[in-house]
1. If I compute solvent accessible area with a 1.4 Å probe over the protein chains, what percent of it on the chain is carbon and sulfur?
2. Suppose a student asked you for the relative contact order of the chain, using Cα pairs under 8 Å spaced at least 6 residues apart; what percent would you report?
3. Just to confirm, what accessible area per residue do you get for the chain at 1.4 Å probe, in whole Å²?
4. Taking region 81-122, which trypsin sites (Lys or Arg not before Pro) meet the DSSP loop condition and have no more than 13 other C-beta atoms within 10 Å?
5. At 37 °C and a viscosity of 0.692 mPa s, what translational diffusion coefficient does Stokes-Einstein give for region 1-80, taking Rh as the Kirkwood radius over Cα pairs? Give it in µm²/s as a whole number.
6. When Rg and Dmax of the Cα atoms in Å is calculated directly from the model, which label among (i) 13.2, 40; (ii) 15.2, 47; (iii) 14.5, 45 fits?
Amino acid sequence: MDTRSGSLGKVLVNDKGRTLYLFKADKPKKSTCTGACAEAWPPLTAKGKPTAGSGVKSNLLGTITRSDGSKQVTYKDQPLYLYKGDHAAGDMNGQGLTQFGAKWYVLDPTGKEVTRMATGSPTMTGSPSKTGNGY
């Protein structure tokens, strides 16, 4: 995991620069996004311990076990997701969407949700490191 800067400030991204989101319906250390939700919002998974890249606080990284047995990455106890509507590194098309009964938001490096909307181009700058699990 890494961070990138854009119109919403620094946000969490995976090792390929894809934006990461939290789901407001989730509880700490508990994912409620399964089935069609998990198809539209794929969980960020890891085979081992997630790796903190630039700007990511390793003490906030963790994993939970999903109902299918896979390990989903968490940050500050919040399960993390990618969004199928993001087509390239830096896209933030899922920001502020209400889907599957709740809102989806990007996170800043402290683990806080960013609720404001992007202005101008949603493209972010910076190059993510090659650590963690890709999408």
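1. Values: 3240 of 6390 Å².
Taking all protein chains in place, the chain shows 51 percent carbon and sulfur surface.
2. Details: 334 pairs, mean separation 52.8, N = 135.
Here the relative contact order equals 39 percent.
3. Working: 6390 Å² over 135 residues.
Solvent-accessible surface per residue comes out at 47 Å².
4. On the way: sites: Lys84, Lys103, Lys112, Arg116; in loops: Lys84, Lys112, Arg116.
Loop-located and lightly packed - Lys84, Lys112, Arg116.
5. Details: Rh = 12.9 Å.
The diffusion coefficient I find is 255 µm²/s.
6. (i)
The values are calculated or read from the model by the stated rules, or taken from the named source; none is laboratory data. This is a predicted model, so every value here is computed, not measured. We place every Cβ from the backbone using ideal geometry, glycine too, and count neighbours over all the protein chains shown. Ligands, DNA and RNA are excluded from the accessible area calculation, which covers all protein heavy atoms including side chains. Shrake-Rupley method; radii C 1.70, N 1.55, O 1.52, S 1.80 Å.
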